[in-house]
Every structure is written in C-alpha cells, then in structure tokens.
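Notes follow the structure.
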Amino acid sequence: MENRILAKVNGKEISLLDVENFIQRLEPQTAAQYRNEEGIKHVLKELINQELFLSDAIERKLDETDTFKQELDKARDFILTQLNINSIMAATRLDDADVRAHFNQDPTKFGKKETADTSHILVESEELCLELRDKIINEEISFEEAAKQHSTCPSNERGGTLGSYERGQMVPEYDNVAFTLAINEISIPVKTQFGYHLIKLNSKTEGEKPVFDKVKDKVKNDLSSQLQREAYLAKVNEMRKKFLVEMF
C-alpha cells in the first residue's frame, strides 16, 4: 500500500496507513463501510480532530495535571500486566509430535460430528403424549399443530422445531432416541427431566472421521490454547506463593 501523507496537524503527519490502521481496529462490519473514498475522508477528518484535541491538550498543559498522572499510572500498570501475560503465552512451544499426540488422544474432537434436526412436543403426562401420537399418525392433526396447541416448550411457536444440533447437546434420553429415528418418523413417548416428548426427526447428517493433515491447524490451535491456560494458571500459583494476597 502506498503510504501517502494525507494531512498535517501542527506539523504532525497523518498518512494513508494511519487511516487504514484506524479502520482495521473497527468491528469487521463497521470497517467495511469505510473502505471507500468517502469512508477514508470521514476517518481522516476524525484523525485530524483527534490530533487537534491532542495539540490543544498539550497547549493547556493537561499532561501536568494530577488526573493525567493518575491515568498514566493506570496505563503503565495495564501495559506491564499485558506484557507479562503475553510473555508467558509466548513461551509455549509446539512441535509436530506434540500436535499429533494431542490429536491421537481424542480424534473425534476434531471431526465433523453427527447432527440431527428434530421437532418435539413436550407435555406433562405419558397418556397425553400417546394420545397426540395416535392423532398425528392417523392424520387427525399435524405434528406442527399439535405442538402449537399442546407443547409446553417455547418451541411450540415454531411448531416444535428445535433446528439442527450435534449429538450430545440434548439430554441423553432425548439424544439416544433422536439419532436412531428414520426421517419423518415419530417416536414413542420419551421421558426426560422436563416431561414427556414426542420426537420427530426432520433430517440428519452423518459424522465425518477427521484426517490429521486436514485438521492439523485446528489441533495445533486447540493444544496451544490448552498449554497457554496451563502456563497462565501455573504462573498464577507461583505468584500467589511469592506475593501477599489479602481478601476482605
């Protein structure tokens, strides 16, 4: 990128790179709105305003006030804290053997998990559950309408649909039945801690066994995060033995 000088404020230059750096610090959706000629002009105007405020603050000797010194101390403490934490995180090192060993501990963690898209009707009694099931099977009422009229789950407004989710996200009693149904099949009553369910399977996707070379980066990031957490906690424990901590 050509780093053109776009403006000067009291002798201090503002460049195109300064504008780009400002935009990059914004949320992605917001940043996208400024990646055009008008957006750059708007950001440049704001950077000029900030430099004007800085020049004025120096002229008014705000850097000599107690408030400034207090804020400077806070900034110093924050920067030192972050530098220390970052140094601990940066000390973790990984090689390919570490990454592969982490993968081998639980390969399924990095694969594509089996998913199911289900709808359900939740009621308080098995008797009502069976009654509704018979009416649905005999086409006296649709599953969706029965859910709207009788289900106590908030999903009743959507005809009972829960959407797609991975195996293990629902309570075991629900999961164990949902993933064994055929498409559009309606279960017999399933008892969980919430009551009795009729479950309808709308669709299902099979899981995919992970291949190490394809998920290596994901495994490396996962292991790196784990080691960094461990290093962070180890350092905290070390410091707690060294420095006095008093709680009131």
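Only the coordinates and a few stated rules stand behind these numbers; no lab work does. Quick caveat: nothing in here was measured; it's all calculated off a predicted structure. Positions of Cβ are backbone-derived with ideal geometry, glycine not excepted, and every protein chain shown enters the neighbour counts.
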In the calculated pair distance distribution of the chain, what percentage of Cα-Cα distances lie above 21 Å?
77
Restricting attention to the stretch 57-91, which trypsin sites (Lys or Arg not before Pro) occupy a DSSP loop and are surrounded by at most 12 other Cβ atoms within 10 Å?
ARG60, LYS61
If you average 1/r across every pair of different Cα atoms in the stretch 168-222 and take the reciprocal, what Kirkwood value do you get, in Å?
13.6
Any chance you could list the semi-axes, whole Å, largest first, of the equivalent ellipsoid that the Cα gyration tensor gives for the stretch 114-205, using √(5λ)?
19, 14, 12
Please compare each pair in LYS109/LYS235; LYS61/LYS241; LYS45/LYS220; LYS8/LYS69 to a cut-off of 32 Å on the Cα-Cα distance and tell me which ones are over it.
LYS61/LYS241; LYS45/LYS220
Relative contact order (%) - criterion: Cα under 8 Å, at least six apart; region: the chain
20
Quick check on the exposure proxy: order MET89, MET239, MET170 from fewest to most C-beta atoms within 10 angstrom.
MET239, MET89, MET170
Least to most buried among LYS204, LYS45, LYS242 (fewest other Cβ within 10 Å first)
LYS242, LYS45, LYS204
Using only the C-alpha atoms of the stretch 1-65, find the volume of their convex hull and express it per residue in Å³.
94
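Given a cut-off of under 8 Å on Cα pairs at least six residues apart, what relative contact order in percent is computed for the stretch 1-62?
About 28 percent, as a whole number.
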What dipole magnitude, in Debye to the nearest 20, does the chain give about its Cα centre under +1 on Lys/Arg Cβ and -1 on Asp/Glu Cβ?
940
Using only helices, what value at 222 nm comes out for the chain when you add -39,500 (n - 2.57) per DSSP H run of length 4 or more and divide by the total residues, to the nearest 500 deg cm²/dmol?
-17000 deg cm²/dmol
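Mind sorting VAL99, VAL9, VAL171 by how few other Cβ atoms lie within 10 Å of their own Cβ, fewest first?
Result, fewest neighbours first: VAL171, VAL9, VAL99.
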